[in-house]
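Participant: Have a look at this one.
The values are calculated or read from the model by the stated rules, or taken from the named source; none is laboratory data. Model, not experiment: these values are computed from the prediction. Note: ideal-geometry Cβ built from the backbone for every residue, glycine included; neighbour counts use all protein chains shown.
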Amino acid sequence: MSTQQNNTDKFQAIISHAKEYGFVFQSSEIYDGLSAVYDYGPYGAELKKNIKDYWWKSMTQLHENIVGIDAAIFMHPTTWKASGHIDNFSDPMIDNKDSKKRYRVDHLIEAHADTLPADAAKALLDAMDSLLAAEDFAGLKQLIETNKIVCSVSGTANWTDVRQFNLMFKTEFGAVAAEPGDDNHVYLRPETAQGIFVNFLNVQKTARMKVPFGIAQVGKAFRNEIVARQFIFRMREFEQMEMQFFVRPGTEGEWYQYWKDARLKWHLGLGIDAAKYRYHDHIKLAHYAKEACDIEFEFPIGFKEVEGIHSRSDFDLMQHQTYSRKKQQYFDNDVDPTTGKPYGNYVPYVIETSIGLDRMFLLILSNAYTEEDLSTPEKQDSRVVLKIPAKLAPVKLAVLPLLKKDGLPEIARELMNECKGAFKCFYEEKDAIGKRYRRQDAIGTPFCVTIDHQTKEDGTVTIRHRDSMQQERVPMNSIKAMVLNAIH
């Protein structure tokens, strides 16, 4: 079996596992679902929250010059005119005339490239990137036709011309219908960054921040993706963890490199193999960017973007200054060594770090999912285990009385009550202890504690370590400290 097929099989296994064990469900599944929209189940919600908390702490608690906000999803529509989204937030699309199905051009070509040998795929994708950079829509259509790329529904290559399609969701604002000629349309935000930019001065003044400083935010964003695929990797409703770092003009280059390095270190701090990560520097830059790169991770579906670092210049604040007619300037008292005078008023430049929370969730699942053959000459055995970093695991400790009698549940409850205020615990009495271990392996619980008759005699318990499956006998009153030490 080919490596590509093995990776495809693994990705499908991860998707199935995510549903079976309560991590991710198809949204509105009882009504046959809604395409590219997903719900997070009991363990998925816990894992997602833990990722958010880990990122939030690393940004706002461990950096004295970064503070957080929570901006609204609805914003004044002029915001999106100023940001360039109304004019520029579009993707090249193409329709199949027979099936009437619409495709994003890059996704259509990428899907075809996945079926080709490595050299041919690279040549096709390089040609696509060049045409996209030149906005050569006729050339893109020719590339599709030359490579005989067909519609997945009709199986034909009967294509329309390539054209742009805006990805923002539009809705009406207010309870009263608009009068003729009135425009009460607003947009669901396609990114969280603009909520930070329009609050730049509010935050700087109220938090008494001094450049360089950052503003962090976690929040939902919405994009009307025409071709949304690959499970939760690309969705129409998703969550971002963004930080905009405001710097003095002329220092943006060094801060861009700083955050490029710092963000990769954050990922590697989870103990993930560095070989699974790489940088991808952008050739075609967004309209606001001076420099840009992606941090990519090797998913079973290949290397894909997880986080972007962008040097946005002063584009955003200058645009909002122009459209709002309100100055977005900062007065810098620090002395310029070349002039001996304060730097004075300027519009700061911005370095952005933007990570997709849902993609980070999928990264953690993909990296953690492990199928192990535990067979011996005497017995066939295997397990599926999620080797999630302990600090992110949905459940930190499973408390398992060996029997449902002899006072063991009561002792187990004592331990449960001692620990559940400090971290997420799970209690279970049902089934043989081996089956209970396997269920905890499948949701990624790093520690299981078994209370047995010896516990009644000497106050010790058996603690089992998820990854190694090794067991050791320790005092019950040491469990809480052991788990806390492992997750911090």
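Participant: Within region 29-55, count every residue that is in a helix (DSSP H, G or I), crowded, with 16+ Cβ neighbours inside 10 Å and out of contact with any Gly (no Cβ under 6 Å at 6 or more places or on another chain).
Facilitator: Matching residues across region 29-55 total 9.
Participant: So residue 377 ticks every box in (1) free of Cβ contacts under 8 Å to residues at least 40 places away in the same chain; (2) of a type outside the set (Gly, Ala, Ser); (3) within 21 Å of residue 46 (Cα to Cα) but one. Which box is left unticked?
Facilitator: (3)
Participant: Identify all residues within region 230-245 that are under 20 Å from residue 294 (Cα atoms) and out of contact with any Ser or Thr (no Cβ under 6 Å at 6 or more places or on another chain); write none if there are none.
Facilitator: Within region 230-245, 230, 232, 233, 234, 235, 238, 239, 241, 244, 245 meet the criteria.
Participant: Can I ask one more? What number goes with the only condition from (1) assigned to a helix (DSSP H, G or I); (2) exposed (fewer than 15 other Cβ atoms within 10 Å of the Cβ); (3) among the aliphatic types (A, V, I, L, M) that residue 317 does not pass?
Facilitator: Condition (2) is where residue 317 drops out.
The rows are residues; the columns are (1) loosely packed, with under 14 Cβ neighbours inside 10 Å; (2) of a type in the set (Ser, Thr, Tyr); (3) in the same structural domain as residue 12 (by TED's automatic domain parsing); (4) in a strand (DSSP E or B).
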site: 304; (1), (2), (3), (4): no, no, yes, yes
site: 307; (1), (2), (3), (4): no, no, yes, yes
site: 322; (1), (2), (3), (4): yes, yes, yes, no
site: 335; (1), (2), (3), (4): yes, no, yes, yes
site: 342; (1), (2), (3), (4): yes, no, yes, yes
site: 350; (1), (2), (3), (4): no, no, yes, yes
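Participant: While we're looking at this one, here's another question. Which residue out of 283, 295, 301 is modelled with pLDDT of 95 or more and either among the aliphatic types (A, V, I, L, M) or on the phi > 0 side of the Ramachandran plot (or both)? Write out each step before concluding.
Facilitator: Values: 283 fails: modelled with pLDDT of 95 or more; 301 fails: modelled with pLDDT of 95 or more.
Sole residue among the options that is modelled with pLDDT of 95 or more and either among the aliphatic types (A, V, I, L, M) or on the phi > 0 side of the Ramachandran plot (or both): 295.
Participant: A further question on this structure: Keeping to region 65-97, report how many residues are under 30 Å from residue 155 (Cβ atoms) and among the acidic types (Asp, Glu).
Facilitator: Within region 65-97, residues that are under 30 Å from residue 155 (Cβ atoms) and among the acidic types (Asp, Glu) number 2.
Participant: Now a separate question. Within region 113-128, is even one residue surrounded by 14 or more Cβ atoms within 10 Å (Cβ to Cβ) and touching a residue at least 24 places away in the same chain (Cβ under 8 Å)?
Facilitator: No, there is no match, as no residue in region 113-128 is surrounded by 14 or more Cβ atoms within 10 Å (Cβ to Cβ) and touching a residue at least 24 places away in the same chain (Cβ under 8 Å).
Participant: Restricting attention to region 352-390, and to residues there that are polar (S, T, N, Q) and not in a helix (DSSP H, G or I), which single residue is farthest from residue 234 (Cα to Cα)?
Facilitator: 376
Participant: Are there any strands (runs of 3 or more DSSP E) wholly within region 129-236 with 2 or more residues that are at pLDDT 85 or above and surrounded by 15 or more Cβ atoms within 10 Å (Cβ to Cβ), and if so which?
Facilitator: 185-188, 213-222
Participant: Regarding region 5-16, can at least one residue be identified that is of a type in the set (A, V, I, L, M, F, W, C), surrounded by fewer than 15 Cβ atoms within 10 Å (Cβ to Cβ) and assigned to a loop (DSSP other than H, G, I, E, B)?
Facilitator: No, region 5-16 has no match at all.
Participant: State whether one or more residues within region 421-429 are over 30 Å from residue 66 (Cα atoms) and more than 31 Å from the chain's Cα centre (by Cα).
Facilitator: Looking through region 421-429, at least one residue is over 30 Å from residue 66 (Cα atoms) and more than 31 Å from the chain's Cα centre (by Cα).
Participant: Out of all the residues in region 26-46, which are more than 15 Å from residue 442 (Cα to Cα) and either in contact with a helix residue (DSSP H, G or I) (Cβ under 6 Å, 6 or more places away or on another chain) or of a type in the set (S, T, N, Q) (or both)?
Facilitator: 26, 27, 28, 35, 38, 40
Participant: Okay, next question. Here is a list of conditions, (1) more than 23 Å from residue 393 (Cβ to Cβ); (2) modelled with pLDDT of 95 or more; (3) touching a Lys or Arg at 6+ places or on another chain (Cβ under 7 Å), and residue 289 meets all of them except one; can you say which number that is?
Facilitator: Checking residue 289 against (1) more than 23 Å from residue 393 (Cβ to Cβ); (2) modelled with pLDDT of 95 or more; (3) touching a Lys or Arg at 6+ places or on another chain (Cβ under 7 Å), the one that fails is (2).
Participant: Quick check on region 420-445: of everything there that is among the basic types (Lys, Arg) and either out of contact with any Pro (no Cβ under 8 Å at 6 or more places or on another chain) or buried (at least 19 other Cβ atoms within 10 Å of the Cβ) (or both), which residue is modelled with the lowest pLDDT?
Facilitator: Let us first name the residues in region 420-445 that are among the basic types (Lys, Arg), namely 420, 424, 430, 435-436, 438-439.
With the extra rule that they be either out of contact with any Pro (no Cβ under 8 Å at 6 or more places or on another chain) or buried (at least 19 other Cβ atoms within 10 Å of the Cβ) (or both), the set shrinks to 420, 430, 435-436, 438-439.
Values: 420: 96, 430: 92, 435: 95, 436: 96, 438: 96, 439: 97.
Applying the filter and picking the extreme gives 430.
Participant: Identify the residue in region 464-485 that is without any contact (Cβ under 8 Å) to a residue 24 or more places away in the chain and part of a strand (DSSP E or B) and, among all such residues, is nearest to residue 445 (Cα to Cα).
Facilitator: Result: 465.
Participant: Mind checking which pairs have a first residue in region 255-271 that is at positive phi and a second that is of a type outside the set (Asp, Glu) and not in a helix (DSSP H, G or I), Cβ under 8 Å, 6 or more apart or different chains?
Facilitator: Filtered contacts from region 255-271: 271/389.
Participant: Looking for whichever is touching a strand residue (DSSP E or B) at 6+ places or on another chain (Cβ under 8 Å) and assigned by TED's automatic domain parsing to the domain that holds residue 477 here; the options are 413, 439. Which one fits?
Facilitator: 413
Participant: Out of 351, 272, I need the residue that is modelled with pLDDT of 95 or more, among the aliphatic types (A, V, I, L, M) and under 24 Å from residue 210 (Cβ atoms). Which one?
Facilitator: Step by step, each of 351, 272 is checked, and only 351 is modelled with pLDDT of 95 or more, among the aliphatic types (A, V, I, L, M) and under 24 Å from residue 210 (Cβ atoms).
Participant: Which of (1) surrounded by 13 or more Cβ atoms within 10 Å (Cβ to Cβ); (2) under 22 Å from the mean Cα position of the chain (by Cα); (3) of a type in the set (A, V, I, L, M) does residue 274 not meet, given it meets every other one?
Facilitator: Against the list (1) surrounded by 13 or more Cβ atoms within 10 Å (Cβ to Cβ); (2) under 22 Å from the mean Cα position of the chain (by Cα); (3) of a type in the set (A, V, I, L, M), residue 274 comes up short only on (1).
Participant: Could you list all residues from region 376-394 that are out of contact with any Gly (no Cβ under 6 Å at 6 or more places or on another chain) and either among the β-branched types (Val, Ile, Thr) or exposed (fewer than 10 other Cβ atoms within 10 Å of the Cβ) (or both)?
Facilitator: 376, 377, 378, 379, 380, 384, 385, listed by residue number.
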